[in-house]
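> Input: one structure, supplied below.
The values are calculated or read from the model by the stated rules, or taken from the named source; none is laboratory data. Here the structure is a predicted model, which means the values were calculated and not measured. In this analysis, Cβ positions are derived from the backbone assuming ideal geometry, glycine residues included, and neighbour counts consider all displayed protein chains. The area values use the complete protein model at the heavy-atom level, side chains included, leaving out ligands, DNA and RNA. Shrake-Rupley method; radii C 1.70, N 1.55, O 1.52, S 1.80 Å.
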Amino acid sequence: VAGWWAARSTGGRAGDGQAPGRSSQVVDRVARAGATPSAVTGIRMALESGRGDTAAPARAAVVGTAMAVVAVIASLAFAASLDHLVGSPALQGWNWDVAVGNPNDDADIGRKGDLLARNAAVAGYSLFEQSFEQVKINGRTVPLFGMSPVKGAVLPTVVHGREARGLDELTLGPTTLRQLHRGLGDVVQVEGPSGRRAFRIVGEVLLPNLSSAATMTTGAVLTVEGLRMLVPDVRPGQFVIDYAPGADPAAAYAGLRRDFGPTVLRGLPPTEVENLRRVSGLPVLLAVLLAVLGAATLGHLLVTVIRRRRRDLGILKTIGFVRGQVAATVAWQATTLALLALLVGLPLGLAAGRWAWLLLNRDLHSLAGPVTPAMALLVAVPVTVLVANLVAALPARAAAATRPAVVLRSE
């Protein structure tokens with residue numbers, strides 16, 4: 001792109017090696033608005049490529065800087081969406097506060113229920129059990145769980161449809177639903193130790209990380225009674241619990257620990273989310289790297305422009321520009337390029353980041369939609385302009401030190 005713009009800028013007319021050039025309408029309007037000479041000249045140097053030997057790839061630099069902004073904003077938008085998922089257990093299938101009990105020990109299940117019923121910090125709870133027997137749905141082995149509300153409605157996160165309520169109803173994880181090539185309302189054959197029974201699919205749910213046999217999107221959830229029809233030996237061994245509104249989570253957790261000992265479990269991220277959490281810093285690292293590359297692109301352009309337009313700078317100083325005005329001209333040029341890059345890069349970067357998250361989330365099947373990092377977008381504007389001016393500091397100093405007599409004599 002840079003080579004194409006440079007060739008276009010220096011293509012010139014046959015015979016004189018000069019390009020006719022056009023005056024930017026934006027520059028003309030800025031001049032008519034009464035802007036300072038430094039502002040008008042700096043904006044002109046940013047928007048107009050120049051002619052002949054003074055031509056500089058200004059447009060290519062805008063494209064390069066804008067692409068850096070796109071990549072940075074896209075990385076930050078993706079990172080914000082990932083952080084939203086990692087920090088939201090309900091979006092991972094853990095749609096309650098804690099789970100209590102040992103899944104391998106159903107002793108005194110009634111006493112455990114009584115303890116929860118008397119606990120003022122508990123608003124609702126449901127029985128939860130998993131089958132350790134092999135169960136097949138339409139010939140495919142699938143982890144099977146039973147869940148029935150006891151108080152309130154503490155149930156898995158429903159993606160589509162509703163939770164299982166009847167003895168002949170079940171819900172499936174998104175991956176399992178697609179592996180079986182079935183949809184909501186279809187009937188499947190579930191085969192367990194007690195024989196085969198028909199169940200209707202009423203919902204698509206996310207599975208909690210309470211078993212090593214299932215992931216967030218694989219498995220099936222029935223009522224506890226429905227699970228017992230297939231696996232008669234199964235017994236509920238756990239409860240999933242919602243805290244009461246206004247309850248102190250730390251105090252509620254401590255109270256449950258006194259009643260249930262070490263079998264009180266907080267939210268555990270599923271394997272898919274945990275793998276993403278481990279690399280959650282990479283998008284931010286990528287954003288920093290791309291920001292450095294964008295700053296280097298801008299710095300290279302400014303140095304190139306000053307070298308190629310030494311004559312123009314010499315003429316400016318000859319007609320009365322002082323060192324501060326020359327330095328301000330370079331600063332205005334950098335600021336203009338930064339604002340143009342932001343104008344293009346912010347919307348494109350946000351769109352790219354949202355698209356990347358939707359692409360990833362299509363396989364995760366979570367309810368975590370893309371997040372717009374509003375604060376990052378607001379901070380990006382002043383930070384980009386500040387970085388552009390910091391990068392321009394050395395080229396501006398070199399431009400201010402231009403000696404008109406020496407430059408014009410050499411020209």
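> Taking residue 141 as the residue in question, decide whether it is open to solvent by less than 60 Å² (accessible area, probe 1.4 Å) and either in contact (Cβ under 8 Å) with a residue 60 or more places away in the chain or farther than 30 Å from residue 118 by Cα (or both).
Spelling it out, it is not the case that residue 141 is open to solvent by less than 60 Å² (accessible area, probe 1.4 Å) and either in contact (Cβ under 8 Å) with a residue 60 or more places away in the chain or farther than 30 Å from residue 118 by Cα (or both).
> Can you find, within the range 235-252, the residue that is modelled with the lowest pLDDT among those that are open to solvent by 20 Å² or more (accessible area, probe 1.4 Å) and closer than 15 Å to residue 127 by Cα?
Checking each candidate, the answer is 235.
> Report, ordered by the first and then the second residue, all pairs with beta carbons closer than 6 Å, sequence separation of six or more or different chains, a first member in the range 262-286 that is over 16 Å from residue 353 (Cβ atoms), and a second member that is of a type in the set (D, E, K, R) and at pLDDT 80 or above.
What qualifies is 264/257.
> Restricting attention to the range 184-195, which residues are touching a Leu at 6+ places or on another chain (Cβ under 9 Å), modelled with pLDDT of 90 or more and either basic (Lys, Arg) or surrounded by fewer than 16 Cβ atoms within 10 Å (Cβ to Cβ) (or both)?
184, 186
> Moving on. Checking residue 318 against (1) surrounded by fewer than 18 Cβ atoms within 10 Å (Cβ to Cβ); (2) over 13 Å from residue 400 (Cα atoms), which single condition isn't satisfied?
Among (1) surrounded by fewer than 18 Cβ atoms within 10 Å (Cβ to Cβ); (2) over 13 Å from residue 400 (Cα atoms), residue 318 violates only (2).
> For the range 144-183, how many residues are in contact with a Ser or Thr (Cβ under 6 Å, 6 or more places away or on another chain), among the hydroxyl-bearing types (Ser, Thr, Tyr) and buried (at least 21 other Cβ atoms within 10 Å of the Cβ)?
1
> Do any residues in the range 333-356 that are farther than 25 Å from residue 47 by Cα and touching a residue at least 24 places away in the same chain (Cβ under 8 Å) have Cβ atoms under 6 Å from those of residues that are assigned to a helix (DSSP H, G or I) and open to solvent by 10 Å² or more (accessible area, probe 1.4 Å), where the two are at least six apart or on different chains, and which pairs are they?
Once the first residue is farther than 25 Å from residue 47 by Cα and touching a residue at least 24 places away in the same chain (Cβ under 8 Å) and sits in the range 333-356, its partners that are assigned to a helix (DSSP H, G or I) and open to solvent by 10 Å² or more (accessible area, probe 1.4 Å) give 352/74; 353/74; 353/78; 356/78.
> Now for a different question. Since residue 332 meets every condition but one in (1) within 27 Å of the chain's Cα centre (by Cα); (2) at pLDDT 85 or above; (3) open to solvent by 80 Å² or more (accessible area, probe 1.4 Å), which condition does it not meet?
(1)
> To continue, here is another question. Check off (1) surrounded by fewer than 20 Cβ atoms within 10 Å (Cβ to Cβ); (2) closer than 30 Å to residue 59 by Cβ; (3) of a type outside the set (A, V, I, L, M); (4) touching a residue at least 24 places away in the same chain (Cβ under 8 Å) for residue 255 and give me the number that stays unchecked.
Answer for residue 255: the failing condition is (2).
> Next up: Taking the condition of being assigned to a helix (DSSP H, G or I) and touching a residue at least 24 places away in the same chain (Cβ under 8 Å), how many residues in the range 153-208 meet it?
Residues meeting the conditions: 5.
> Given the conditions (1) at pLDDT 90 or above; (2) open to solvent by 70 Å² or more (accessible area, probe 1.4 Å); (3) within 20 Å of residue 98 (Cα to Cα), which single one is not true for residue 205?
Residue 205 satisfies all of (1) at pLDDT 90 or above; (2) open to solvent by 70 Å² or more (accessible area, probe 1.4 Å); (3) within 20 Å of residue 98 (Cα to Cα) except (2).
> With open to solvent by 40 Å² or more (accessible area, probe 1.4 Å), at pLDDT 90 or above and either on the phi > 0 side of the Ramachandran plot or of a type outside the set (Val, Ile, Thr) (or both) as the only criterion, which of 198, 220 stands out?
Of 198, 220, the one residue that is open to solvent by 40 Å² or more (accessible area, probe 1.4 Å), at pLDDT 90 or above and either on the phi > 0 side of the Ramachandran plot or of a type outside the set (Val, Ile, Thr) (or both) is 198.
> For the list (1) farther than 21 Å from residue 242 by Cβ; (2) surrounded by 14 or more Cβ atoms within 10 Å (Cβ to Cβ); (3) acidic (Asp, Glu), I need the number of the one condition that residue 225 fails.
(2)
> While we're on this one: Among helices (runs of 4 or more DSSP H) lying entirely in the range 32-131, which contain 2 or more residues that are modelled with pLDDT of 80 or more, surrounded by 24 or more Cβ atoms within 10 Å (Cβ to Cβ) and of a type outside the set (Val, Ile, Thr)? Before the answer, list the steps.
Working: elements: 37-47, 58-86, 109-118.
In the range 32-131, the matching helices (runs of 4 or more DSSP H) lie at 58-86.
> Any idea which of 278, 311, 307, 258 is within 36 Å of the chain's Cα centre (by Cα) and among the basic types (Lys, Arg)?
Going through 278, 311, 307, 258 in turn, just one is within 36 Å of the chain's Cα centre (by Cα) and among the basic types (Lys, Arg): 278.
> Another question, then. Could you tell me whether any residue of the range 305-312 is hydrophobic (A, V, I, L, M, F, W, C), surrounded by 14 or more Cβ atoms within 10 Å (Cβ to Cβ), touching a strand residue (DSSP E or B) at 6+ places or on another chain (Cβ under 6 Å) and part of a helix (DSSP H, G or I)?
Looking for residues that are hydrophobic (A, V, I, L, M, F, W, C), surrounded by 14 or more Cβ atoms within 10 Å (Cβ to Cβ), touching a strand residue (DSSP E or B) at 6+ places or on another chain (Cβ under 6 Å) and part of a helix (DSSP H, G or I), one finds none in the range 305-312, hence no.
> Okay, next question. Out of curiosity, is residue 302 within 38 Å of the chain's Cα centre (by Cα), assigned to a helix (DSSP H, G or I) and either of a type outside the set (Phe, Trp, Tyr) or over 17 Å from residue 65 (Cβ atoms) (or both)? Let's see the steps before the verdict.
Working: within 38 Å of the chain's Cα centre (by Cα): yes; assigned to a helix (DSSP H, G or I): yes; either of a type outside the set (Phe, Trp, Tyr) or over 17 Å from residue 65 (Cβ atoms) (or both): yes.
For residue 302, the condition - within 38 Å of the chain's Cα centre (by Cα), assigned to a helix (DSSP H, G or I) and either of a type outside the set (Phe, Trp, Tyr) or over 17 Å from residue 65 (Cβ atoms) (or both) - is met.
> Still on this model: If you check residue 386 against the conditions, is it surrounded by fewer than 20 Cβ atoms within 10 Å (Cβ to Cβ), modelled with pLDDT of 85 or more and not hydroxyl-bearing (Ser, Thr, Tyr)?
In short, yes.
> Inspect all residues belonging to the range 363-374 and state whether any of them is touching a residue at least 60 places away in the same chain (Cβ under 8 Å), open to solvent by 70 Å² or more (accessible area, probe 1.4 Å) and either on the phi > 0 side of the Ramachandran plot or not in a helix (DSSP H, G or I) (or both).
Yes.
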